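K.L.:
First the structure, which I've put down as structure tokens, then a few questions once you've had a look.
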Amino acid sequence: MTTTPSIAPVRPTRRRRGRAGARAAAVVRHAVLIPIALLWLVPLYVVIINAFKTNGDIVAAPFEIPFDRISLEYLQFALVNPNFNVVGAYGYTALLVVVNIVLLIVIAGPVSYVISRGLNTRHRALLFYFLLGTFIPGQAILIPATTVLRTLGLMNSFPGLVLFQVVAHLPVTIFLFVGYIRSIPRSIDEAAIIDGAGMLRRYWSVIFPLMRPIVATVVILTGMGVWNDFVHPQIILGPFSPKTVTTGIYAAFGLYVNDYTIIFPDLLLAIAPLLIFFVFMQRHIVSGLTTGALKS
């Protein structure tokens, strides 16, 4: 008589348990992050819907959408409002962004290359010196900086604001650039040296084209930082200089503190370029910031 061998019950493998744990962790993560994301979207929702409503509707029900009374006239007036030239503010702020980015790349790039390729204590001390700037808030040095700018005759001027913002962004930019350049093999430099390239030629012709991801990171961080900056333009440019987007909005608040049909359209016009930029550049923003984090 033959006996049938007993079959032991199949137990889940370690891999299956790992996958189940990963799925459970993902569910918990989404359950926490989705409410937080929705909470962050509430102010944006309030700005967008109230930019098309009457003053009475805004005061009575700021979270409701009166579809029968939605109008574009308030946005149209905001575009031509003589007390806040939003188009001019766009141009002035965009010029600030471009000048800051160009100067940062031109200044921080070669400095970072020298530091990253240096092997002695002097180069490490120079990097540490720049890193100290990342621990000092910009507001803490604003008063000493205004004293220096006033001494140089740059207070209440575009060059003075550019100088301050470039110096404020320089430590983080050098930190990111140094970390990325150190990940580039030195053999590339050695090949360029054999071909007779000097240090500046090696950097701009050989190394810099390989830095596209980290340069994108710097462009994103600097561009959004300069566009959203309020304190420094307000103090350095002064009340009568050309307005940036943020300082122009602040001035409009002072004139129309109770007229929400002007305040909310101005707010929407101020954040619209950043919203459009983020929608179209979301993939590049995430990959650029991730690259900067990994290479640093």
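K.L.:
Explain nothing, just the number: dipole magnitude of the chain about its Cα centre with +1 on each Lys and Arg Cβ and -1 on each Asp and Glu Cβ, in debye rounded to the nearest 20.
P.N.:
1920
K.L.:
What is the log10 of I(q)/I(0) for the stretch 34-133, computed with the Debye formula using one identical point scatterer on each Cα and no solvent, at q = 0.11, 0.13, 0.16, 0.19 Å⁻¹?
P.N.:
Once normalised to I(0) and log-transformed, intensities are -0.67, -0.75, -0.86, -1.00.
K.L.:
Could you give me D for the stretch 173-263, from Stokes-Einstein at 25 °C and 0.890 mPa s, where the hydrodynamic radius is the Kirkwood radius over C-alpha pairs? Units µm² s⁻¹, please.
P.N.:
For these conditions, the coefficient is 146 µm²/s.
K.L.:
Taking R0 as 30 Å, what's the FRET efficiency between Asp259 and Leu38 from their Cβ-Cβ distance, rounded to 0.05?
P.N.:
0.50
K.L.:
Any idea what % of Cα-Cα pairs in the chain are farther than 36 Å?
P.N.:
When all Cα pairs of the chain are counted, 39 percent exceed 36 Å.
K.L.:
Moving on to the next point. Which length gain, in nm to one decimal place, applies between Ile141 and Leu95 when the Cα-Cα distance is subtracted from 0.36 nm times their residue separation?
P.N.:
14.1 nm
FYI, it's all coordinate maths here, none of it is from the lab. Since this is a predicted model, take the numbers as computed values, not measurements. Ideal geometry is used to build each Cβ from the backbone, glycine not excepted, and the neighbour counts take in all protein chains shown.
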